[in-house]
Amino acid sequence: MKKRIAVCPGSFDPVTLGHRDIIQRASKLFDKVIVLVSVNAMKNPSFTAVERVKLIEKVTADLDNVVIDINDGLLADYVKKVGACAIIKGLRAVSDFEYEFQMALANKILYDGAETVFLTTSAENMYLSSSVVKQIASFGGDITHFVPECILEDIKERLWKEPEEIK
Ligand code: PNS
């Protein structure tokens, strides 16, 4: 039988507990999940694509049917190329909806062979985003409740600023 492949795209700059939750839940719904580190033209990432892949590899090491890839082109082209039937996105709040809806429609026009599937974020991750993590870490704050424990030190190492460095 044909494997049901889902692509879970995002900036993952860096991956958070919210991302991990969505990836893990998607891995139960599909035969294979490709976590795709992608380019968001509106964002200026803090971590390189390779660094982001390494962090995602650590936090998904226990998920057998999850692989990670990088794409610097259109998501729709990638989805078509790998024969995926779904694009997985996490929805946190109504504020996410308009943007995500627009992307889902655009992707459907670009490639009709896959559906965007929205998974609602778990209640405890409603407030969580990579930007929140980066901001707290750069002010020397505690990010233990926001990112998986196995990458805590990697993120601190990259983003932590000593109090005297904070203007
Ligand atoms: O985590 P993000 O930043 O919200 O993810 C957005 C992302 C990277 C999935 C989106 O910007 C994207 O798909 N980029 C790839 C280029 C593309 O296909 N853009 C058109 C989408 S309508």
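Look at the range 48-63: where a residue is among the aliphatic types (A, V, I, L, M) and a partner is outside any loop (DSSP other than H, G, I, E, B) and open to solvent by 60 Å² or more (accessible area, probe 1.4 Å), sitting 6+ places away or on another chain with Cβ atoms under 7 Å, you get Ala49/Ile70; Val53/Ile70; Val59/Cys150. One residue stands out in the range 44-96 among those that are of a type in the set (Lys, Arg) and assigned to a helix (DSSP H, G or I): the one that is most open to solvent (accessible area, probe 1.4 Å), namely Lys81.
When Leu128, Leu55 are checked against the criterion of being closer than 30 Å to Glu157 by Cβ, in contact with a helix residue (DSSP H, G or I) (Cβ under 7 Å, 6 or more places away or on another chain) and at pLDDT 95 or above, Leu55 stands alone in meeting it. Has the range 9-21 got any residue that is surrounded by fewer than 17 Cβ atoms within 10 Å (Cβ to Cβ) and either within 26 Å of Tyr127 (Cβ to Cβ) or more than 13 Å from the chain's Cα centre (by Cα) (or both)? No - not one qualifying residue is present in the range 9-21. Filter the range 138-153 down to the residues that are open to solvent by less than 50 Å² (accessible area, probe 1.4 Å), part of a helix (DSSP H, G or I) and over 14 Å from Leu17 (Cβ atoms) and list them by number. Correct list: Ser138 only.
Among the residues making up the range 104-115, those that are open to solvent by less than 60 Å² (accessible area, probe 1.4 Å) and either within 11 Å of the ligand (Cβ to nearest atom) or out of contact with any helix residue (DSSP H, G or I) (no Cβ under 7 Å at 6 or more places or on another chain) (or both) are Ala104, Ala106, Asn107, Tyr111.
Looking at this structure, is Leu152 more than 14 Å from the ligand (Cβ to nearest atom), hydrophobic (A, V, I, L, M, F, W, C) and at pLDDT below 90? When the stated conditions are applied, Leu152 does not pass them.
The values are calculated or read from the model by the stated rules, or taken from the named source; none is laboratory data. Since the structure is predicted, the reported quantities are computational estimates derived from the model, not experimental observations. Note: ideal-geometry Cβ built from the backbone for every residue, glycine included; neighbour counts use all protein chains shown. Note: areas computed on protein heavy atoms with side chains; ligands, DNA, RNA excluded. Shrake-Rupley method; radii C 1.70, N 1.55, O 1.52, S 1.80 Å.
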